[in-house]
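Undergrad: The structure follows.
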Amino acid sequence: MVGYLYVLCAATMWGLIGPLSKLAFAAGMDTVEVAFWRTSLAWFLFAAQAVKNRETRIAWRDLPAVAGFGVVGIAGLFGAYVVAVAAGGAALASVLLYTAPAWVALMSWLFLKEPMGGFKVAAVIATIVGVAGVSLGAGIGSGGAIGSKAIVFGLLSGITYALYYIFGKYYLGRYKTPTLFLYALPVGSLALLPFVRFTRPPGRAWFPA
């Protein structure tokens, strides 16, 4: 029962990312700035948990891969998703984000050498067709119009989200999640930093951010 509650809470919080991003933008916070602060603040939480549980050690040989995940998986996902929300709205960005299962299937075939049977191919096609149908539906984009920027960054968020599963396949058997994010999140923040335009938003922007 507790596990189901965790899943429900996680799904609820994940679903709030898009709407809360829109609120932060409306309050005056820059697009990528929202991603930067979310990444940086999340690091404090994961770092505190890693230190508390004494799960801070990681092998030197694994640091390059973890840092690469910080750049592509964390900065890529957080940055692309907020840009997609700003460009096309929270609903469209969420739909495109969930092309991730199709990307996971393709990446698992390419990188993990997992078989791509007929069932998986059909599931990938169904995902693509479903996402295309919802995305092209009337009213899902801002003002009913869907721009290429929203599509590109929405799909990019789905691809980078899929990398979490590929990365986890290799490393979650060796390390706890707080350990990996202890090292990956600050790298993600630094990767976002060159693209951030810092603003002085009012206090109400910080809660949704």
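Undergrad: When the helices in the chain are scored as -39500 (n - 2.57) per DSSP H run of 4 or longer and the sum is shared across all residues, what 222 nm value do you end up with, to the nearest 500 deg cm²/dmol?
TA: -23000 deg cm²/dmol
Undergrad: Let me know the shape class of region 64-125, please: from the alpha-carbon gyration tensor, a ≥ b ≥ c as square roots of the eigenvalues, rounded when a/c is under 1.5, otherwise prolate if a/b is greater than b/c, or oblate.
TA: Values: a/c = 5.28, a/b = 1.28, b/c = 4.11.
Oblate is the answer for region 64-125, as a/c is 1.5 or above yet b/c matches or exceeds a/b.
Undergrad: Lysines near Lys176 by alpha-carbon distance under 17 Å, same-chain residues fewer than 8 away left out - which ones?
TA: Lys52
Undergrad: For the residues Tyr81, Tyr183, what sequence is obtained by ranking on other C-beta atoms within 10 Å, fewest first?
TA: Values: Tyr81 28, Tyr183 21.
Lowest to highest Cβ neighbour count: Tyr183, Tyr81.
Undergrad: Then there's this: With just the Cα atoms defining each centre, how far is region 169-204 from region 84-111? Give it in Å.
TA: Cα centroid of region 169-204 versus Cα centroid of region 84-111: 19 Å apart.
Undergrad: Okay, moving on. Using θ = phi - 60° and the Karplus form 6.51 cos²θ - 1.76 cosθ + 1.60, what ³J(HN,Hα) does each residue of region 70-82 get, whole Hz, x for Gly and Pro?
TA: x, 6, 7, x, 8, 4, x, 5, 4, x, 5, 5, 5
Undergrad: Restricting attention to the alpha-carbon atoms of the chain, what are Rg (one decimal) and Dmax (integer), both in Å?
TA: 17.8, 53
Undergrad: Determine, for Leu106, Leu92, the number of other Cβ atoms within 10 Å of each Cβ, and report the residues in order from fewest to most.
TA: Values: Leu106 16, Leu92 24.
If I rank by nearby Cβ atoms, fewest first, I get Leu106, Leu92.
Undergrad: Shifting gears a bit: Once you charge only the Cβ atoms, +1 for Lys and Arg and -1 for Asp and Glu, what is the size of the charge dipole of the chain about its Cα centre, to the nearest 20 debye?
TA: Values: 15 positive and 5 negative charges, 76 e Å.
Its charge dipole is roughly 360 debye.
Undergrad: Same structure again: In whole angstrom, note down how far apart the Cα centers of region 1-45 and region 50-75 are.
TA: Answer, in whole Å: 21.
Undergrad: Which entries in Lys113/Lys149; Lys22/Lys149; Lys113/Lys169 show an alpha-carbon gap greater than 21 Å?
TA: Lys113/Lys149
A short reminder: the numbers here are calculations on the coordinates, not readings from a lab. Please read all numbers here as calculations on a predicted model, not as lab measurements. Neighbour counts are summed over all protein chains in view; Cβ atoms, including those assigned to glycine, are modelled from backbone coordinates with ideal geometry.
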